[in-house]
Amino acid sequence: MFDNHLISVILPVYNGEKYLKEAIDSILFQTHKNLELIIINDGSTDSTKEIIDQYSDKRIISIHQKNSGLAESLNNGLKIAKGEYIARQDADDISLPRRLEKQIQYLINHPKVVLLGTRAKIFTNTNDNYGIHNHATNPAQLHFDLFFNNPFVHSSVMFRKLAIDKVGMYNGDRSLIEDYELWSRFVQIGQVSNLPDILVLYRHHDAGISKESSNYYKEKPVINQNKINFNRFLNLTNDEIEYFISSVNGDFNGISDKKLNIEKLNLVIIKISKKLNTIYPEYTDEIEKRKKEYLKIIKWRANKFQRLNTKNPLKLFFLKVSSKLQQLISEPIND
């Protein structure tokens, strides 16, 4: 039944000769066989083209283009995709054999879900068990988390082609992060979810753009998207949104009165949870759990702000102890 559905897998690559074959093979050897693998060679100067051209599998569609960046490469793949479902694959990650099979089964059985990721095992060239991307799985908590960060592994996602047709393609604005920005649009038209299964092996290495420590690639674009998401969802002024995002992210430079208004910050979290309860009435317990977790984070941030602005040694000592205890009793955000 599920094999009747075509999946278009989009794999952009730039100078990916080292790991590309592993990534391609992991898609070709999927248990779900009805797929097309669209490989976009984004102006590579290494042997990427030769690696792609050595494959004779008729399911592979290759595009060799001048270097245009990730968002445009993905959009070029989307323009020619014929599948009713779109999956992503990075050139340095590995999809486990049943990934596509499990995802398409879930999406067919859950028509309200427009975006579906999976959990992922993180590995390096020297450590096979570096960690796990252990994001939430249910739509309500994921919607909550999208206000603050990206709870999806890009290389793990599958989404409906109809959803892309409705919200538009990837945004090439470099002041935002293209996948986080797109998921933030998806959640406006349907539910988003993650499978609890680990179905992707996510390679962590210094060459990956997503691992860059530069604020240009991480902090500023994330905060920019935070602001957009809050502006869409809550009836707050731009100044209120700026105050909240800056405080939660630890950017205290704009707080001139030397006092963090914790009640004001808590109110934003409470407003989010109340509104999400109207959207996801079947997930009230999960929303309440998330609310409590984010309220703990706010309390920790307020403590940090106080520590930065106190000159009393005894008070500073107790604030540090309080902060440490708060970290110890706080539950992790991710499931």
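Laboratory data are not the source of any read-out in this text; all were calculated from the coordinates shown. Computed from a prediction, not measured in an experiment: that's the story for all the values here. Cβ coordinates were reconstructed from backbone atoms using ideal geometry, including for glycine residues, and neighbour counts include every protein chain displayed.
Here are the numbers for the structure shown:
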{"read-out": "Net charge of neighbours whose Cβ lies under 15 Å from the Cβ of PHE186, counting Lys and Arg as +1 and Asp and Glu as -1", "value": "+2"}
{"read-out": "Segment ASP53-LYS296, extension gain: residue separation times 0.36 nm, minus the distance between their alpha carbons", "value": "82.2 nm"}
{"read-out": "Highest average packing first - 120-131, 184-195, 286-297, Cβ atoms within 10 Å", "value": "184-195, 286-297, 120-131"}
{"read-out": "Point-to-point label distance, LYS227-ASN4, nm (Cα→Cβ direction, 7 Å offset)", "value": "4.9 nm"}
{"read-out": "Net charge, MET158 excluded, C-beta distance under 9 Å - Lys, Arg +1, Asp, Glu -1", "value": "+3"}
{"read-out": "Spatially proximal aspartates and glutamates relative to LYS299 (Cα-Cα < 12 Å; intrachain offsets below 8 disregarded)", "value": "GLU263"}
{"read-out": "When each of LYS161/LYS289; LYS112/LYS161; LYS102/LYS161; LYS21/LYS112; LYS166/LYS264 is checked by Cα-Cα distance, pairs over 24 Å", "value": "LYS161/LYS289; LYS21/LYS112; LYS166/LYS264"}
{"read-out": "Shape of the range 1-84, Cα gyration tensor, a/c cut at 1.5", "value": "oblate"}
{"read-out": "Sum of side-chain charges, ILE86 neighbourhood, beta-carbon under 9 Å (Lys, Arg +1; Asp, Glu -1)", "value": "+2"}
{"read-out": "The range 125-173: C-alpha gyration tensor shape, a/c 1.5 cut-off, then a/b vs b/c", "value": "prolate"}
{"read-out": "Length added when fully stretched, ASP285-GLU17, from 0.36 nm per residue minus Cα-Cα", "value": "91.8 nm"}
{"read-out": "Cα gyration tensor shape for the range 63-211, rounded if a/c is under 1.5, else prolate or oblate", "value": "rounded"}
